[in-house]
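Engineer: Before anything else, here's the structure in question.
Laboratory data are not the source of any read-out in this text; all were calculated from the coordinates shown. Here the structure is a predicted model, which means the values were calculated and not measured. Positions of Cβ are generated from backbone atoms using ideal geometry, with glycine treated the same way; all protein chains shown enter the neighbour counts.
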Amino acid sequence: MGHKKLYLKTFGCQMNVYDSERISHVLAARNYRLVVNPSEADLIFLNTCSVREKPEQKVYSALGRYRAFKKKNSKLIIGVGGCLAQQEGEGFLKRFPHVDFVIGTKEFKRIDEILDDLEDSGKRSAATHLNGRVDPYASLPFSPSPSKVAAFVSIMQGCDNFCSYCIVPFVRGREVSRPSQEVLEEIRVLAAKGVKEVTLLGQNVNSYGKTKPGELDFAGMLKAVQEIAGIERIRFTTSHPKDLSRPLIEAFGRLPKLCEHIHLPVQSGSDRILKRMNRGYSGEEYLKKISRLRQSCPRIRITTDMIVGFPAEEEEDFRASLEMIEEIQFDDLFSFKYSDRPGTQATHFPEKVMEEVSQRRLTELQTLQRKITLKRNKAWEREKVEVLVEGRSKARAEDNMGRTRANHIVNFPGKPFAAGSLVTVKIQKAYAHSLRGESPQDSLPEDGNIVKRGKSVSRGKENL
Ligand code: 5AD
Ligand code: SF4
């Protein structure tokens, strides 16, 4: 029998990318293989996001598009998973008659049962238990394909912080850490398949292991990953500033495989707004952590998230955010207009900021950051950097494309390097979203152009 065709579309964050991967392994065991064209699929699965209004709207418009496919092919199955599915549950089935099943963020293990029911009796269903502190990945199949250079690995999920604007605790549940031996085994399997770079994922990675007595903590986990042969680079996301501990800050200076980049969402520069957001730190405290990070690792690349137009944000609060941006000089910044999320505290805050005001603030903030990003990127011109090659450049097929340890995209000409090669590249020109390098042959002796595997781990740093 031939394979069945699966079209899997992922919205939202890296955690969802990881979840989609795990879902594809569950479905591979049911003989589904991925296709790139939804019109030929037997099963369309949308892994959704509800973190802000915009990603949520994207899901609804995609669902609208797939209605036509169902009209053409009545056997087509449409499933919706992830955060918006968790949030809406049964409501999805009522509102969208062409959706066959809904599966929450912690119910992947029920996909089999749901598809069995659907195939046997046409029963549509929604599985959206959040199930306390249960590990959603326990006993799921794990069968990664051998073609990737970089992979995500979820180490924990959920969140206990309850920032007043944030949907995550409601759609991902309370914090649950995965057993460290399982995580490490998964990374060993990935390394054996040729993966060189892992990004450890969690909504709040600093809390890793805290609810599991006797487990590794996050700094311990990083150290254990450092020991895995074949893995050349370690990244993680996301860290909460209030929990960014000294051992973790020091890990940047000590663990050779830990890349020099941290995404540390600040959300606002105003103490008044930070308090209302329930973030648990002041601007001053955040600045202190940034300066410690830079002491520990002088060239660390620091990126952040900011929200504008949070309820009751005055012009003065917004100016404090701009001042913080000027002072810290973030390497990059993702900025969002506040939107109400169902069930969150801030939804009930009365002093909503008008759309035009939020939009103006967003534009002003982005204009400022664009200049800073370019300036920060320009500081890399003429530097020689280590690039992990991922493949061909999207813009120019004859160029190589890879990433620096600080997580810039680098395109560079010259002979094609195999994905997974570590190459030293001299940066020629910086743009806002990428760097352009010279051909390694132009800048280095003929056979000095490939930095052999393992070189990056022997830079003379002591172990943690
Ligand atoms: N409105 C706007 N932005 C939000 N974010 C999270 N919740 C909201 C919301 N209700 C932003 C935060 C977070 C990023 C993933 O999305 O900046 O860090
Ligand atoms: Fe979106 Fe947050 Fe869910 Fe990720 S965890 S998919 S960002 S709502």
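Engineer: Among the numbered criteria (1) closer than 25 Å to ARG376 by Cα; (2) crowded, with 16+ Cβ neighbours inside 10 Å; (3) touching a residue at least 60 places away in the same chain (Cβ under 8 Å), which single criterion is violated by SER268?
Structural biologist: (3)
Engineer: I'd like to know if the stretch 151-166 contains one or more residues that are within 16 Å of ligand 2 (Cβ to nearest atom) and charged (D, E, K, R).
Structural biologist: Yes: the stretch 151-166 contains one or more residues that are within 16 Å of ligand 2 (Cβ to nearest atom) and charged (D, E, K, R).
Engineer: Return the pair list, or none, for Cβ contacts closer than 6 Å from residues in the stretch 333-353 that are under 14 Å from VAL168 (Cβ atoms) to residues that are more than 14 Å from ligand 2 (Cβ to nearest atom), at least 6 apart or on different chains.
Structural biologist: Close Cβ pairs (under 6 Å, with a partner that is more than 14 Å from ligand 2 (Cβ to nearest atom)) amount to GLN345/SER164; ALA346/SER164; ALA346/PRO311.
Engineer: Being within 22 Å of LEU333 (Cα to Cα), in contact with a Cys (Cβ under 6 Å, 6 or more places away or on another chain) and not small (Gly, Ala, Ser): is that true of ARG405 here?
Structural biologist: In short, yes.
Engineer: Only residues that are surrounded by 22 or more Cβ atoms within 10 Å (Cβ to Cβ) and either more than 21 Å from the chain's Cα centre (by Cα) or away from ligand 2 (no atom under 12 Å from the Cβ) (or both): list them for the stretch 44-61, please.
Structural biologist: Answer for the stretch 44-61, where residues must be surrounded by 22 or more Cβ atoms within 10 Å (Cβ to Cβ) and either more than 21 Å from the chain's Cα centre (by Cα) or away from ligand 2 (no atom under 12 Å from the Cβ) (or both): ILE44, PHE45.
Engineer: Restricting attention to the stretch 348-361, report how many residues are surrounded by 15 or more Cβ atoms within 10 Å (Cβ to Cβ) and either of a type in the set (S, T, N, Q) or in contact with a Ser or Thr (Cβ under 6 Å, 6 or more places away or on another chain) (or both).
Structural biologist: So the count comes out to 1.
Engineer: A follow-up question, please. For THR367, all conditions in the list (1) polar (S, T, N, Q); (2) over 24 Å from the mean Cα position of the chain (by Cα); (3) surrounded by 20 or more Cβ atoms within 10 Å (Cβ to Cβ) hold save one; what is the number of the exception?
Structural biologist: Checking THR367 against (1) polar (S, T, N, Q); (2) over 24 Å from the mean Cα position of the chain (by Cα); (3) surrounded by 20 or more Cβ atoms within 10 Å (Cβ to Cβ), the one that fails is (3).
Engineer: Among (1) outside any helix (DSSP H, G or I); (2) within 21 Å of GLY12 (Cα to Cα), where does LYS58 come up short?
Structural biologist: That leaves (1) as the condition not met.
Engineer: Could you grab me the full set of residues in the stretch 10-39 that are crowded, with 16+ Cβ neighbours inside 10 Å and assigned to a strand (DSSP E or B)?
Structural biologist: Within the stretch 10-39, THR10, TYR32 meet the criteria.
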